Amino acid sequence: MQRPPGDNAALPALRDEFPDFRIWQEITGHRTRYIARRLSRGTHPHTVVTSDLAELRAELTADPGTLPPR
């Protein structure tokens, strides 16, 4: 299975950029998803699951006051 270009370099960079989150990649069959989970109470969002690294970054940088209720 081929991984999208840049994945190997992008994950360590994201981990450095967002030290308040545990960030990892899961591969199941032909599906890749990225998960970010907060490490401490009060950090928002709690968890993000997506197949797109750009979306993951956007969610982690979003102002919690501007996010729609879930």
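The values are calculated or read from the model by the stated rules, or taken from the named source; none is laboratory data. The structure presented is a predicted model; accordingly, all values stated were derived computationally and were not measured. Don't worry about glycine lacking a Cβ; one is built from the backbone with ideal geometry, like all the others, and counts go over all protein chains shown. We work out accessible area using only protein heavy atoms, side chains counted, and drop any ligands, DNA or RNA first. Shrake-Rupley method; radii C 1.70, N 1.55, O 1.52, S 1.80 Å.
So in the stretch 35-70, with the set limited to residues that are among the β-branched types (Val, Ile, Thr) and either at pLDDT 95 or above or within 14 Å of Phe21 (Cα to Cα) (or both), which one is surrounded by the most Cβ atoms within 10 Å (Cβ to Cβ)? Can you show your working first?
First, the residues of the stretch 35-70 that are among the β-branched types (Val, Ile, Thr): 35, 43, 47-50, 61, 66.
Still in the running and either at pLDDT 95 or above or within 14 Å of Phe21 (Cα to Cα) (or both): 35, 43, 47-50, 61.
On the way: Ile35: 15, Thr43: 14, Thr47: 11, Val48: 19, Val49: 12, Thr50: 15, Thr61: 9.
Filtering first and then ranking leaves Val48.
Among what's in the stretch 1-34 and is assigned to a loop (DSSP other than H, G, I, E, B) and modelled with pLDDT under 90, pick the residue that is most open to solvent (accessible area, probe 1.4 Å). Please lay out each step first, then the result.
Filtering the stretch 1-34 down to residues assigned to a loop (DSSP other than H, G, I, E, B) leaves 1-6, 18-20, 29-30.
Narrowing the set further to residues that are modelled with pLDDT under 90 leaves 1-6.
Values: Met1: 127, Gln2: 167, Arg3: 118, Pro4: 68, Pro5: 129, Gly6: 49 Å².
Ranking the candidates gives Gln2 first.
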